[in-house]
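Read-outs throughout are calculated quantities, based only on the coordinates presented, and are distinct from any laboratory measurement. Remember, predicted model here, so these are calculated numbers, not experimental data. Positions of Cβ are backbone-derived with ideal geometry, glycine not excepted, and every protein chain shown enters the neighbour counts.
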Amino acid sequence: MKIVWLILKEIRYRWLAFLLAMVSVAVAIAGVGGVLTALACYDARTEQLAQQRQKDMEGAMSRLQEDFRKLTLKMGFTTVLVSAQENMAEMFARGYAATSMPEEYGDRLARRKPTTLNHVLPTLQHHMEWPEQGNIPVKLIGVKGEVYVQSKNQVPLLQAVPEGGAVIGQQLQKQFGLKAGDAIVFHGHKLTVAGVRTREGGPDDVGLWVTLPLAQAVLNMPGQINEILAVECMCPGDRVAVILKEIRAVLPDVQVFEFTKVAGARSEARQRVVEVAAAAAKAERESRDAGRREKELLARVVAPLMVGGALVWVGFLMWTNVRDRRAEIGIFGALGLRSSQVAWLFLGKAVVIGLAGAAIGYPLGIHWGRQWAGESAGQLSVSLAGVPMGAALFVGGLALVLAATAVPALLAARQDPADMLREE
């Protein structure tokens, strides 16, 4: 007599008990699978949100840098490089450096492409009189354009003055009624007004910007500059010390001065935005983590209750089945079935219950877990100890019913057929 045939007969004859046991296993598997799926969905979504937040933060930082680049157009340069021999106290009182440097210093710095500076502009500045306009005092500023800009997409803070042209400060424009296109003469040099600077409320309002060679000729300082203007980077710690360390590797005989209030406000504002973006990303992660902890807490209660309930229920059904079939078991023994074969009658039925329950509970658990986590689509890969969740749950379902059936099956196999038939 084949064991498989007997198992199928048993299932068909006692189909209600089989169905109840299978449903209990399916509910347990669905509960465990649903909880694991929901947690996996939360993990996947948290990672996705974290990546999106990082992308958004990088985009915000990129836009912030562009905003500050535009803001710097109005703020002007924030860092000045002067000769190491320059007396800084006298320079502050005078308004410009009196000690000159070779014009080649600016080109040398540009070739090195410093990471701590941007918008490098060599200049030659000096206060002098304008003889053709009644010897009024002006600030002569000779420039040749920025020799180094970090990005090709950035617009220079100060455009180069065209050959034969001059850019004047607003106070000079008002005093003499000048406008773009007017002809002027400065120290015998005929120039055309190329533009008028906006009001800045300082010495630059009486500034006269000309080409660097013209300023060198007027001041009789060929090949010389006295300041290199720049915008500092967003350096951590002491910005001046960081800049000076890099620059002195190229220009060992210079000193660095920073317009501290402007540069500090610029750096602090940028740092504040970085901190706000990081705090927003952290708050998002903490919110998702709190949701996951709630699901974990529920899982620690629900999953054991489902598994324990299924274990007790299946065990009870199997125990009842053994008790009700004592005469049948005795007949099987009398017909020559060995104890191991009798045990496999119950264990085989348990295997069928476990496989059928897992087959029903697994897809239900996946669906329930996705609905619980609010995840309706997308591929999801979940594993337990390196084993795919489906395989793990099928094995778990088998282990559950085999554990519940082991004791009743062992008792049925160890009973004497004669004693069972005599009692019946």
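Considering only the range 79-258, what is the antiparallel percent among its DSSP beta bridges, to the nearest 5?
Around 75 percent of the beta bridges assigned by DSSP in the range 79-258 are antiparallel ones.
Taking a ≥ b ≥ c as the square roots of the Cα gyration tensor eigenvalues, with a/c under 1.5 meaning rounded and otherwise prolate when a/b beats b/c, else oblate, which class fits the range 79-258?
Prolate shape, in that a/c is at least 1.5 and a/b is the bigger ratio.
At R0 = 45 Å, how high is the FRET efficiency between A93 and A283 if r is their beta carbon distance? Nearest 0.05 is fine.
With a Förster radius of 45 Å, E is 0.35.
Per residue of the range 171-184, in order, report the coupling 6.51 cos²θ - 1.76 cosθ + 1.60 (Karplus, θ = phi - 60°) as ³J(HN,Hα) in whole Hz, putting x for Gly and Pro.
5, 5, 5, 5, 5, 10, x, 7, 8, 4, x, 6, 8, 9
Given R₀ = 22 Å, what would the calculated FRET efficiency be for N220 paired with Q85, taking r from the Cβ atoms and rounding to 0.05?
Efficiency, from the Cβ-Cβ distance: 0.65.
Which pairs break 32 Å Cα to Cα here: K55/K113; K152/K282; K144/K179; K174/K245; K55/K144; K190/K245?
K152/K282; K174/K245; K55/K144; K190/K245
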